[in-house]
Amino acid sequence: MKDKSTKNLRKSMNRGSVEHESKVAENEGEIMTLAKKEVISIPQTKTIKEAAEMMIEHEFRRLPVTQPGSNKLLGIVTAMDILDFLGGGSKFDIIEKKHNDNFLAAINDQVKEIMTRGVISVGPKATIRESVTKMTENGIGSLPIVDKEGKLVGIVTERDFALALAGSLTNETVGDLMIKDVITTTCGTPIESCSKIMVRNNLRRIPVVEEDKLVGIVTSTDILRFFGDKEMFASMTSNSGLDVLKRQISDIVKPNISVTESYVKLGDLCDLLAEKNIGGVPVVDDNKLVGIITERDILNAVLSKK
């Protein structure tokens, strides 16, 4: 049902910027036409490891945290929260201080230790315009939808918006919207350093280059999948998280990745993102990395065409 609604909205938006203002948005309750209504959520007593495993299994980047029984929204945990916890940022203190650097104990702590509270959300009568604005202004990748009682009734993500609304950008190419100053890394970078780059710069993916050539990409989900690998735990020589964090990203980098070119039309790019179920791709011209484009870049461009 959601896919059908999304396709219909994209068609209605495809007549260009002249009709964009009226199509985006001013029908009360239209946010529910894009929202996923059967939302997978977790209680705050779930372990961090279990949350990571659920994200990997369902290919999610976030999980709402709800109160059992009432389904009231208590918080949200994202892949970036877990990366922060695993060594990327301030939440790593939980491993070092609370668990005395015992990595295995820390990942079995409850998800409430790292979840974001006071979640930014919208009501089921929200318009798409106000929802997109709230998401971009706060730099967040999803919006839980809650009713008057605070019960979770849906969730909508950047990808939902970007793929639905990109039809309004009829003339734009990838080169018009891409980020040209790309943060990259190399295969020899430790996982800890890569996690820190992602957390500090709010990046979900980083191209991997060697001798100025793109050789792969590493995403937040790749790092989560690595931390959930049973073989990885078996190879640890101690309970210290440092054993894991010192491993190089060459162990997890994806060599066969989707890319695009700067002259590609935005509609074709969105078809690629939908087909591959990915949120962004490197931009390569003449075998040279020239940029990166993500669903967030598309959303920002849509919003700028008020």
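With the structure loaded, tell me whether Thr185 is among the β-branched types (Val, Ile, Thr) and under 23 Å from Phe85 (Cα atoms) or whether it fails that test. Here the answer is yes, as Thr185 does meet what is asked.
Pairs linking a residue in the stretch 188-203 that is in contact (Cβ under 8 Å) with a residue 24 or more places away in the chain and more than 15 Å from Thr221 (Cα to Cα) to a residue that is of a type in the set (Val, Ile, Thr) and assigned to a helix (DSSP H, G or I), with Cβ atoms under 6 Å and 6 or more positions apart or on different chains, are Thr189/Ile249.
Scanning the stretch 188-200 for residues that are in a loop (DSSP other than H, G, I, E, B) and crowded, with 17+ Cβ neighbours inside 10 Å turns up just one, Thr189.
Of the residues making up the stretch 113-166, those that are surrounded by 15 or more Cβ atoms within 10 Å (Cβ to Cβ), under 20 Å from Met55 (Cα atoms) and touching a Gly at 6+ places or on another chain (Cβ under 7 Å) are Met115, Thr116, Val119, Ile145, Thr157, Glu158, Arg159. Scanning the stretch 294-306 for residues that are exposed (fewer than 14 other Cβ atoms within 10 Å of the Cβ) and among the small types (Gly, Ala, Ser) gives a single hit, Ser304.
Got at least one residue in the stretch 80-93 being buried (at least 22 other Cβ atoms within 10 Å of the Cβ) and among the polar types (S, T, N, Q)? No: zero hits. For the stretch 246-289, taking the residues that are in a helix (DSSP H, G or I) and charged (D, E, K, R), the one that is nearest to Thr186 (Cα to Cα) is identified as Asp251. Among the residues of the stretch 52-63, is any among the small types (Gly, Ala, Ser), open to solvent by less than 30 Å² (accessible area, probe 1.4 Å) and closer than 20 Å to Ile94 by Cα? The answer is yes, given that some residue of the stretch 52-63 is among the small types (Gly, Ala, Ser), open to solvent by less than 30 Å² (accessible area, probe 1.4 Å) and closer than 20 Å to Ile94 by Cα. Among the residues of the stretch 177-187, not one is without any contact (Cβ under 8 Å) to a residue 12 or more places away in the chain and either outside any loop (DSSP other than H, G, I, E, B) or closer than 24 Å to Ile114 by Cβ (or both). Yes or no: the stretch 225-246 includes at least one residue that is at pLDDT 85 or above and among the aliphatic types (A, V, I, L, M). No, the stretch 225-246 contains no residue that is at pLDDT 85 or above and among the aliphatic types (A, V, I, L, M).
Please determine, by comparing only the residues of the stretch 254-293 that are hydroxyl-bearing (Ser, Thr, Tyr) and over 19 Å from the mean Cα position of the chain (by Cα), which one is most open to solvent (accessible area, probe 1.4 Å). It comes out as Tyr263.
The values are calculated or read from the model by the stated rules, or taken from the named source; none is laboratory data. Please read these numbers as outputs of a predicted model, since none were measured by experiment. Cβ sites come from the backbone with ideal geometry, for glycine too, and all protein chains shown count toward neighbours. Note: areas computed on protein heavy atoms with side chains; ligands, DNA, RNA excluded. Shrake-Rupley method; radii C 1.70, N 1.55, O 1.52, S 1.80 Å.
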